[in-house]
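Chemist: What follows is a single structure, and I will ask about it in a moment.
The values are calculated or read from the model by the stated rules, or taken from the named source; none is laboratory data. Since this is a predicted model, take the numbers as computed values, not measurements. Cβ atoms come from the backbone with ideal geometry, glycine included; neighbour counts cover every protein chain shown. Side chains are part of the model used for accessible areas, which takes the heavy atoms of the whole protein and leaves out ligands, DNA and RNA. Shrake-Rupley method; radii C 1.70, N 1.55, O 1.52, S 1.80 Å.
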Amino acid sequence: MANFGEKMPNGSRPNGNGSAKHQRRDAAAALQQALNSPQRIRAEYILRLYVTGSSPRSLKAISNLKRVCEEHLRDHYQLQVIDIYKNPDAAREEQIIAAPTLIKRLPAPLRRFVGDLSNTQKLLSGLGINE
């Protein structure tokens, strides 16, 4: 247990003298900076790619999508690859009738892309990514 005159590892005093107020000001400033940051403006992309095992078209779709995501979305996306051979219920729930199929869940509106995703310009346009 800490003594009241002793400093905590973060530099504050357990009795709250002075530094807690300073920490709240710093936290408020950091929050304001995060809110004004251009990174916040970019939408978080939620993507699901439905594939059929390790077929050539599926592997090409995975490769093409990862390349586009890394080049244009960087840390602003979540990608889930679902093998419909291993998880047929997921394909039924999303009404997948062809594979590979990419579903963009967020940002709205929901979009579907079928094929190996090799047409980069069409994919970027459909994802709403303006270069």
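Chemist: Does Lys122 satisfy the criteria of being without any contact (Cβ under 8 Å) to a residue 12 or more places away in the chain, among the basic types (Lys, Arg) and part of a helix (DSSP H, G or I)? Break it down stepwise before answering.
Modeler: Details: without any contact (Cβ under 8 Å) to a residue 12 or more places away in the chain: yes; among the basic types (Lys, Arg): yes; part of a helix (DSSP H, G or I): yes.
Answer is yes for this residue.
Chemist: Ok, one more. Considering every residue within the stretch 59-68, establish whether at least one is over 14 Å from Leu47 (Cα atoms), open to solvent by 40 Å² or more (accessible area, probe 1.4 Å) and aliphatic (A, V, I, L, M).
Modeler: Yes, that holds for at least one residue.
Table: residues versus (1) hydrophobic (A, V, I, L, M, F, W, C); (2) touching a Lys or Arg at 6+ places or on another chain (Cβ under 7 Å); (3) modelled with pLDDT of 95 or more.
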position	(1), (2), (3)
Arg42	no, no, no
Ser54	no, no, no
Asn64	no, no, yes
Thr101	no, yes, yes
Pro107	no, no, no
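Chemist: Here's another thing I want to ask about it. Filter the stretch 99-118 down to the residues that are in a loop (DSSP other than H, G, I, E, B) and out of contact with any Phe, Trp or Tyr (no Cβ under 9 Å at 6 or more places or on another chain), then identify the one that is surrounded by the fewest Cβ atoms within 10 Å (Cβ to Cβ).
Modeler: Kept after step one, since they are in a loop (DSSP other than H, G, I, E, B), are these residues of the stretch 99-118: 99-100, 107-110, 115-118.
Still in the running and out of contact with any Phe, Trp or Tyr (no Cβ under 9 Å at 6 or more places or on another chain): 108-110, 115-118.
Working: Ala108: 9, Pro109: 7, Leu110: 10, Gly115: 17, Asp116: 17, Leu117: 24, Ser118: 12.
The qualifying residue surrounded by the fewest Cβ atoms within 10 Å (Cβ to Cβ) is Pro109.
Chemist: If Leu124 satisfies every condition in (1) in contact with a His (Cβ under 8 Å, 6 or more places away or on another chain); (2) loosely packed, with under 14 Cβ neighbours inside 10 Å but one, which is the exception?
Modeler: Here Leu124 clears every test but (2).
Chemist: Answer yes or no: is there a residue in the stretch 78-88 that is open to solvent by 30 Å² or more (accessible area, probe 1.4 Å), touching a Leu at 6+ places or on another chain (Cβ under 6 Å) and within 15 Å of Ile46 (Cβ to Cβ).
Modeler: Applying the first criterion (open to solvent by 30 Å² or more (accessible area, probe 1.4 Å)) to the stretch 78-88 yields 78-81, 83-88.
Still in the running and touching a Leu at 6+ places or on another chain (Cβ under 6 Å): 79, 81.
Add one more test, that the residue is within 15 Å of Ile46 (Cβ to Cβ), and what stays is 79, 81.
Yes.
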